[in-house]
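The values are calculated or read from the model by the stated rules, or taken from the named source; none is laboratory data. Note that the structure is predicted; figures quoted are calculated from it, not measured. Neighbour counts run over all protein chains shown; Cβ positions are idealised from the backbone, glycine included.
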Amino acid sequence: MTTTTISIVIPTLNRRNFLEKCLRCIAEQDTVRLTKVIVVYNYSTDVPMAHFSQTFSNKLNFLKVDGKSSIYKRNYGASHITDDYIAFLDDDSYIDSSWIDCLLNEFDNNSTTLAQVGKIIWCGKLNSLRSQSLFSSVLPLMRQKTYDHRHKIFTSDEYSKEINNFFHLGNLGNVKHLSTHLSAGNCAMSRELFENLGGFDINYIIQYDKELAFRMLKRGHAIIYNPNMIISHDHDNSFKRLAILSVKTPKYQILLQKRYPDLTKFSLTNTETIKLTWYEHLIKGLINFINKGTLRFYEKNNY
């Protein structure tokens with residue numbers, strides 16, 4: 001009988017409603033092999049500590065850090081884990097009823113699997129969109145199409161072979177699903193691997209999960225896409241979020257391109273065929289316009 005164990009790290013900041021739903025989903029799982037659920041927070045005045053501590057039978061831990069980013073919170077939470085594996089969720093990641101079993105089964109049954117990324121479904125896709133306006137649904141739908149595209153191409157044998165050849169990962173046995181991405185809101189990996197890689201790079205405020213994925217691949221470690229490791233996610237539908245990402249993302253794209261020129265090129269090439277509607281093309285055009293302007297600014301200033 002296997003004794004493989006796992007702990008989950010969740011960063012949060014004043015989002016009690018999201019966090020409570022996230023924790024309820026975890027509490028409904030078979031948690032025999034789940035050692036800890038670590039919630040890392042800062043400046044939060046409404047973290048539901050007492051309400052859930054009894055539910056998790058001392059498995060739930062709340063760690064407070066002051067003035068730190070979500071990347072730091074993930075690393076800090078991971079530093080308190082001694083299990084075989086670490087899983088990372090967002091506070092608005094709602095795991096499927098068999099999520100823990102699915103990811104642990106993959107680790108148990110395939111000794112070459114050291115890192116996994118799961119399937120992400122926008123909560124809006126699970127409900128009727130009739131009550132949602134075009135304004136509030138178009139951005140999450142575009143983001144979901146990106147996720148769906150990744151899921152589709154990463155489950156083909158041809159693409160798996162192409163990735164294996166490109167990254168020179170060696171003999172992976174019977175591995176069927178390979179990925180070039182990690183999502184910090186739905187991934188799991190060997191604790192030893194995470195520690196050996198040095199955790200998430202805190203210099204990447206955005207795309208830090210992609211940077212960690214590239215670092216893994218560069219060192220010859222495969223990332224497995226597990227289609228049964230499903231979460232539903234509340235994609236942010238605000239234009240404030242869009243504006244922030246449009247301005248900040250190019251800066252970190254430049255960093256990724258400089259550090260991993262080959263990997264970045266390959267990753268971008270395989271996400272250019274996503275089919276969009278006319279209004280999604282309009283929004284994407286606006287985003288690209290802002291991105292290009294920001295890129296020129298950073299390049300001009302020799303960032």
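What to note about this one:
- Applying the criterion of being outside any helix (DSSP H, G or I) and at pLDDT below 75 to the residues of segment 237-270, the residue that is surrounded by the most Cβ atoms within 10 Å (Cβ to Cβ) is 237.
- Each residue in segment 213-236 was checked for being under 14 Å from the mean Cα position of the chain (by Cα), within 19 Å of residue 81 (Cβ to Cβ) and assigned to a helix (DSSP H, G or I), and 0 of them qualify.
- Only helices (runs of 4 or more DSSP H) whose full extent lies in segment 1-97 are considered here, and the ones with at least 1 residues that are surrounded by 13 or more Cβ atoms within 10 Å (Cβ to Cβ) and modelled with pLDDT of 90 or more are 16-27, 70-78.
- Screening segment 104-212 for helices (runs of 4 or more DSSP H) wholly inside it with 1 or more residues that are surrounded by 18 or more Cβ atoms within 10 Å (Cβ to Cβ), at pLDDT below 70 and among the hydrophobic types (A, V, I, L, M, F, W, C) returns the ranges 134-153, 157-167.
- Yes/no for residue 87 being under 29 Å from residue 16 (Cβ atoms) and of a type in the set (Gly, Ala, Ser): yes
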